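Coordinate-derived values only; no laboratory data. What you see is a predicted model, and the numbers here were worked out from it, not measured in a lab. Don't worry about glycine lacking a Cβ; one is built from the backbone with ideal geometry, like all the others, and counts go over all protein chains shown.
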Amino acid sequence: QQNVQQSPESLIVPEGARTSLNCTFSDSASQYFWWYRQHSGKAPKALMSIFSNGEKEEGRFTIHLNKASLHFSLHIRDSQPSDSALYLCAVSGAGGADRLTFGKGTQLIIQP
Amino acid sequence: ETAVFQTPNYHVTQVGNEVSFNCKQTLGHDTMYWYKQDSKKLLKIMFSYNNKQLIVNETVPRRFSPQSSDKAHLNLRIKSVEPEDSAVYLCASSIANTEVFFGKGTRLTVV
């Protein structure tokens, strides 16, 4: 059974800093890797996804995947107060990209 | 507006009562889900429903049951609520092998 762990549990960084969030998974057959963001009282919303080893950049956000080390990460450059939210990593396998197992989340606070 | 809509936003009830939460998606998706988000913010899938095929997470107690009238609606019924059912229940939808879209959730408090 898939086990997804996130670190750190919470993080406070100053505005403009670079932020790194980590996610490890246990099933080496995992195929789809997602980061979701949930602002307080709002719906979780997919931020980025990656399906093969390497790096993918979208604006200020970069996702890294290393399947061999069962690890992927999200990096935010020039962090903004609006980035303050709960960040959830999710993994799915051969069953389909929509069969998600979530980590417990990292609560990110960007201080102006 | 196309999205996943849930009602009610909040519900407070007593132990042993029956509750029902509604969910509708206007995204044209073919699969709908119910997730439970506990007090520690962990999201766990409870059910997925596609083309009248229901997939149940085996850890979900039998007092929970999904109810669907068509592919745009998936309601959640809890027959006799217990204190540990207090959580946020999130409805979601997707179309094969793509992003899952979530509703804002229904916060259930059992007193």
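Tabulated data
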item	result
Approximate shape of chain B as ellipsoid semi-axes (Cα gyration tensor, √5λ), whole Å, largest first	22, 14, 13
Under 20 Å, Cα to Cα: Lys pairs in chain B, sequence gap 8 or more or different chains	14
Exercise: per-residue mean of other protein chain Cβ atoms within 10 Å, B:99-106	5
Inter-part distance where segment A:1-79 and segment B:33-49 are each reduced to a Cα centre, Å	19 Å
P(r) of segment A:1-110 over all Cα-Cα pairs, binned every 10 Å from zero, in whole percent	16, 51, 29, 5
Packing-based ranking, highest mean first, of A:19-25, A:6-12 given that Cβ atoms within 10 Å are counted	A:19-25, A:6-12
Residue with peak Gaussian network fluctuation, chain B [Cα springs, cutoff 10 Å], from B:Asn17, B:Asn75, B:Asn50	B:Asn17
Test item: A:41-54 mean partner chain Cβ contacts at 10 Å	3
Integer Hz, Karplus 6.51/-1.76/1.60 couplings in order for segment B:38-53, x for Gly and Pro	7, 5, 8, 6, 6, 9, 10, 6, 9, 9, 10, 9, 8, 6, 6, 9
For A:Ser84, distant residues with modelled amide H under 5 Å away	A:Ile110
Compactness of the protein assembly as shown as Cα Rg over 2.2 N^0.38 Å, two decimals	1.03
